[in-house]
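Q: Below you'll find the structure I mean.
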Amino acid sequence: MPPRKPPAKGKGPPPKPAPTSKPRRSKLAKDNDITAEEEAEIKEAWNLFRLEDVEGYEGEKEGVLRTSNVQHVMRAQGLAPKNEADMREFIETLDPESEGYVTYPHLLALCAIQLKSKTDETKVEEVETAFNLFHPGQGNGGEEPVIRLQDLRAVAKVLKEDVSDDVLRAMILEANGGKGVGSGVNMEDFQAVLTRAGVFQ
């Protein structure tokens, strides 16, 4: 019997790629309730304009930013205010002594507030869009719009779902906290349902 050939070198299965570890949040990110990725994007824009060894700010390890560049950093993140008056107010908040410079922790805190505000605005828009899919959007003499039993029937019909009125009534009562089928589901109730379902945090 001929001797067996040794396995050729380099022919084994390719090594598995090392798992990518999720970046850890810094203390600043935790304090301002933003993700490590969000801070990384802010810092990337910050580093384009940062100044080091500025007199009076030698202890700032991330350097400082000229107030004239604040809008550039915020605009890069889509966080700049819509008008100049708001931008001036931001700069006055960041540099109350009008020294002409802003520190990284202060700018990060402001960007975090803007991120939260932007997230909340997006959430409201998404809730309204979803609500209007159930509600025809026709006002009743200025009354608050609500999703009623007939609206759920119409949606079930469009989706070709055979859902009994008893089930639809139970859905309304579950959503509005038992206020009655006739009360329907208003926008606040609807958002609470989406939050409980994990659609929004």
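The values are calculated or read from the model by the stated rules, or taken from the named source; none is laboratory data. Keep in mind that this is a model prediction, so the values were computed, not measured. Ideal geometry is used to build each Cβ from the backbone, glycine not excepted, and the neighbour counts take in all protein chains shown.
Q: Taking the stretch 154-173, which residues are surrounded by 11 or more Cβ atoms within 10 Å (Cβ to Cβ) and modelled with pLDDT under 90?
A: If the condition is that a residue be surrounded by 11 or more Cβ atoms within 10 Å (Cβ to Cβ) and modelled with pLDDT under 90, then A154, V155, A156, K157, V163 are the ones that fit.
Q: Could you check, for the stretch 118-132, whether at least one of its residues is crowded, with 16+ Cβ neighbours inside 10 Å and within 30 Å of A40 (Cβ to Cβ)?
A: yes
Q: With respect to T93, determine if the residue is assigned by TED's automatic domain parsing to the domain that holds V54, in a helix (DSSP H, G or I) and closer than 30 Å to I34 by Cα.
A: Values: assigned by TED's automatic domain parsing to the domain that holds V54: yes; in a helix (DSSP H, G or I): yes; closer than 30 Å to I34 by Cα: yes.
Taking the combined requirement at face value, the residue satisfies it.
Q: Now, a different point. Hey, among V70, V64, which residue is touching a Phe, Trp or Tyr at 6+ places or on another chain (Cβ under 6 Å) and either among the basic types (K, R) or surrounded by 18 or more Cβ atoms within 10 Å (Cβ to Cβ) (or both)? Write out each step before concluding.
A: Numbers: V70 fails: touching a Phe, Trp or Tyr at 6+ places or on another chain (Cβ under 6 Å).
Exactly one residue qualifies, and that residue is V64.
Q: On the given criteria, is E99 modelled with pLDDT of 85 or more, within 30 Å of E52 (Cβ to Cβ), in contact with a Gly (Cβ under 8 Å, 6 or more places away or on another chain) and of a type in the set (D, E, K, R)? I'd like the intermediate steps shown before the answer.
A: Numbers: modelled with pLDDT of 85 or more: yes; within 30 Å of E52 (Cβ to Cβ): yes; in contact with a Gly (Cβ under 8 Å, 6 or more places away or on another chain): yes; of a type in the set (D, E, K, R): yes.
Judged against the criteria, E99 is a match.
Q: Same structure again: Which residues, counting only those in the stretch 44-70, are outside any loop (DSSP other than H, G, I, E, B) and without any contact (Cβ under 8 Å) to a residue 40 or more places away in the chain?
A: At the first step, the residues of the stretch 44-70 found to be outside any loop (DSSP other than H, G, I, E, B) are 44-49, 51, 64-70.
Once the filter is applied, which keeps residues that are outside any loop (DSSP other than H, G, I, E, B) and without any contact (Cβ under 8 Å) to a residue 40 or more places away in the chain, the stretch 44-70 yields E44, A45, N47, L48, F49, R66, T67, S68, N69, V70.
Every residue, every condition in (1) loosely packed, with under 10 Cβ neighbours inside 10 Å; (2) at pLDDT below 95; (3) outside the structural domain of L94 (by TED's automatic domain parsing); (4) under 30 Å from H106 (Cα atoms), yes or no:
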position: M1; (1), (2), (3), (4): yes, yes, yes, no
position: K5; (1), (2), (3), (4): yes, yes, yes, no
position: K11; (1), (2), (3), (4): yes, yes, yes, no
position: A18; (1), (2), (3), (4): yes, yes, yes, no
position: E41; (1), (2), (3), (4): no, yes, no, yes
position: E44; (1), (2), (3), (4): no, yes, no, yes
position: D53; (1), (2), (3), (4): yes, yes, no, yes
position: G56; (1), (2), (3), (4): yes, yes, no, yes
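Q: What are the residues in the stretch 69-86 that are under 11 Å from L110 (Cβ atoms) and touching a Pro at 6+ places or on another chain (Cβ under 9 Å), if any?
A: Within the stretch 69-86, just M74 meets the criteria.
Q: Okay, moving on. Name the pairs whose Cβ atoms lie under 7 Å apart, with the first residue in the stretch 115-132 and over 19 Å from L152 (Cα atoms) and touching a residue at least 40 places away in the same chain (Cβ under 8 Å), the second hydrophobic (A, V, I, L, M, F, W, C) and outside any helix (DSSP H, G or I), and 6 or more positions between them or separate chains?
A: Within 7 Å, the pairs are L115/I34; L115/L79; K118/L79; K123/F200.
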